[in-house]
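Report on the structure given below.
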Amino acid sequence: MTEHVKPQDIEARSFEIIKAELDAMGISLDPEKDPVIRRAIHTSADFDYAETLCFSPDAVRIAKDLMRSGADVVSDTNMALTGINKRKLAAHGGSARCYMADEDVAAEANDRGITRASVSMEHAARDAKESGRKTVFAIGNAPTALMTLREMHDKGVYTPDFVIGVPVGFVNVVEAKELILETDIPCIVNRGRKGGSNVAAAIVNAILYSMG
């Protein structure tokens, strides 16, 4: 039998179901991480995130502080960009951007024989350095984006203020996530193959919503 739920109550009911199922599994979430993990589960209907979503020390607090101070968010897909609550972000002085469709990014990637995601991260890093703006990277699709962020960090060219690393797939996905987890960059990363642009956007929104 279906459950009658008013449209405005569907999300709240979903979160009630998620909590009940986590309780039934004997999983108790850290209060600070709880909103992020539950929203990742909510957007994917995948309870594995309760076990595989990894947080660097004080990750949620650091991300909140960045967004409260007007940090920008750079995504690796327009899908993630669409899903981010830009009104909430703008209320704190931040904006969201994806460089993937920029003509100069596509041309440079073709000339150099590398992915647009890699070039996008280089352009985002350049813009962040020139503007002096703090930037949160929300990566839900391209492992090469994470690999480029790690490479720039290792070379001392640019270190991201925060990385949400949840690309989905098979080629270099697991390895790229571990490259970020190995660093001292504040991050939220989902270990393994799972993730996606929807999950990246959900994590950004979970942080924004939990700021009040």
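By the rule of a C-alpha distance below 20 Å, with chain neighbours fewer than 8 residues away ignored, the aspartates and glutamates paired with K19 are E3, D9, E11, D30, E32, D34, D46, D48, E51. Counted by Cβ distance under 13 Å from R126, the other residues give a net charge of -3, where Lys and Arg count +1 and Asp and Glu count -1. Tell me the angle of helix 143-155 to the major Cα principal axis of the chain, expressed in degrees between 0 and 90 and rounded to the nearest ten. On a 0 to 90 degree scale, this one is about 60. Restricting attention to the stretch 51-210, lysine pairs at least eight places apart or on different chains and with alpha-carbon atoms under 23 angstrom apart total 13. The calculated FRET efficiency for the pair S69 and A90, based on their C-beta separation and a Förster distance of 22 Å, comes to about 0.95.
Since every read-out is calculated from the coordinates, none of them should be taken as a lab result. Remember, it's a predicted structure, so these values are computed and weren't measured experimentally. For neighbour counting, all protein chains shown are included, and Cβ atoms are generated from backbone atoms with ideal geometry for every residue, glycine included.
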